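Here is the structure we will look at.
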Amino acid sequence: MTLTETGLSERALERRLKRHMRKENHTFFVSCPPGFESFLETELRRIGAPGVTENIKGGITFSGSLDWIYKVNLQSAVAGRMLLRIGTFTCKSYPELFSKSQRLDWELVLGRNPTFSFNVSATESRLHHTDNIAKAMGDGILDYYSQWPDQKIEIADKSDLTVFVRFQDDVCTVSLDTTGEHLHKRGYKPFSVEAPLRENLAAGLLIWAEAEKFPVIVDPFCGSGTFLFESVRKTSGPFPGENRTYGFEKAAFFRDADLKRIQKSIPKPEEVTQVAYGSDVAAKAIDAARKNAAQAKVDTRIRFELADAVELKNSWPSPGLIISNPPYGKRIGPVSDAEAVLGRFFHRLYTDFPGWTWCIVVPEETRFPWKTLRELKFNNGGLWVKAVIGKIPG
């Protein structure tokens, strides 16, 4: 492919973007924590995304216009990252990788005078050395841009533009990261505590627990408030990605007017009356939670108190949802210690909270005496855990 200009002008690039990017549908991969794919699919359908073409471990693939890059990054609470597929091909040697990388229209995603980086992984493929893969593809991109002598190309160790290269069974999939910092970083929670639950994990568990249907949501081990923030912001706004920047803002196809148009089109949540309450035995955690609530502008929606979970009192007129990520692992010691704390806590619940539903995150091997429970296993910070849902007899 060549352009008539000796240089890659903004005008020439815009013509190509209009023809090959803005009017075409594209394929996207939206990642999520393994085990949370169905929750992500539910959320994408709620947002209005086109039909899912593939639901695989760790994410969802679908096709649509460039607008979906803005919509999903801004609104998805469960997603971790959104990739724009650039190309897929079989490749078994470095010369072949160099050659095939030259066939992709890089200026349509990287733009003029780009600075970009690589994120490379390889599994069960002839090409498995990630640095060599990045070198071969980088050389191909540099050679591709050589048709425009005016362009300055820089391949950095880290940049706002990241090209994801994935090898699986000798198939190379090339994508542009449209997200930047992982989507669990909402931009509203600067204060944290030890071993917090990621926001997108909390959002998925809230969907699983059907938190929206309860008049009150309580977290007695609230830490810095993740569960409560995700529940409240889901029903009152602002949308998850309102207060941060994204990788797509550096892409060739990005237009600030498109971003503003999508932001204005996002419907405001309906007014809700759900009550949110959080407590923790650590003063540092409550201080962080209150500061985060003020930062997120939801401090009027959540009440935080310094209190021990085993002394939780039922002061609400209707049964609600108790959802929490209690201390375990390094935060509390052996599983037996965690089970002792949970034993006292559940004695309180089953004594004073008839009709309530509970959802608790615990180490995978934690045992419960009740049989009518739902379980969901997942990885949290390198530790395999499970979320468990049960209901206290009314």
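The values are calculated or read from the model by the stated rules, or taken from the named source; none is laboratory data. These figures come from a predicted structure and were not determined experimentally. Here Cβ is always computed from backbone atoms with ideal geometry, including for glycine, and neighbour counts include all displayed protein chains.
Quick notes
- You will find that of Asn113, Asn119, the residue that is in contact with a strand residue (DSSP E or B) (Cβ under 6 Å, 6 or more places away or on another chain) and surrounded by fewer than 18 Cβ atoms within 10 Å (Cβ to Cβ) is Asn119 and no other.
- Listed by first and then second residue, the pairs with beta-carbon distance under 7 Å, at least 6 apart or on different chains, first residue in region 178-195 and within 16 Å of Val30 (Cβ to Cβ) and modelled with pLDDT of 85 or more, second among the aromatic types (Phe, Trp, Tyr) and not in a loop (DSSP other than H, G, I, E, B), are Thr178/Phe248.
- The residue that is farthest from Phe62 (Cα to Cα), counting only those in region 74-101 that are among the polar types (S, T, N, Q) and surrounded by fewer than 18 Cβ atoms within 10 Å (Cβ to Cβ), is Ser93.
- Evaluation of Lys18 against the conditions (1) surrounded by 18 or more Cβ atoms within 10 Å (Cβ to Cβ); (2) not in a strand (DSSP E or B) shows that the sole unmet condition is (1).
- Residue check for Arg126: within 25 Å of Ser159 (Cβ to Cβ) and in contact with a strand residue (DSSP E or B) (Cβ under 9 Å, 6 or more places away or on another chain): no
- Cβ pairs under 7 Å, 6+ apart, first in region 359-371 and under 21 Å from Leu206 (Cβ atoms) and in the same structural domain as Glu212 (by TED's automatic domain parsing), second assigned to a strand (DSSP E or B) and of a type in the set (Phe, Trp, Tyr): Glu364/Trp384
- Residue match in region 143-153 (condition: out of contact with any helix residue (DSSP H, G or I) (no Cβ under 8 Å at 6 or more places or on another chain), charged (D, E, K, R) and either surrounded by 18 or more Cβ atoms within 10 Å (Cβ to Cβ) or assigned by TED's automatic domain parsing to the domain that holds Ile69 (or both)): yes
- Boolean, Pro149 is at pLDDT below 95, over 27 Å from the mean Cα position of the chain (by Cα) and over 24 Å from Glu24 (Cα atoms): yes
- Checked against the criterion of being surrounded by fewer than 16 Cβ atoms within 10 Å (Cβ to Cβ), modelled with pLDDT under 90 and within 28 Å of Ala209 (Cβ to Cβ), the candidates Glu54, Glu5 yield just one match: Glu54.
- Within region 149-191, the set of residues being among the small types (Gly, Ala, Ser), within 28 Å of Ser76 (Cα to Cα) and outside any strand (DSSP E or B) comprises Ser159, Gly180, Gly187.
- Answer residue from region 345-384, given it is touching a helix residue (DSSP H, G or I) at 6+ places or on another chain (Cβ under 6 Å) and assigned to a helix (DSSP H, G or I) and is farthest from Asp308 (Cα to Cα) among those: Arg348
- Thr61, sole failed condition from (1) in contact with a helix residue (DSSP H, G or I) (Cβ under 8 Å, 6 or more places away or on another chain); (2) among the β-branched types (Val, Ile, Thr); (3) more than 18 Å from Ala251 (Cβ to Cβ): (1)
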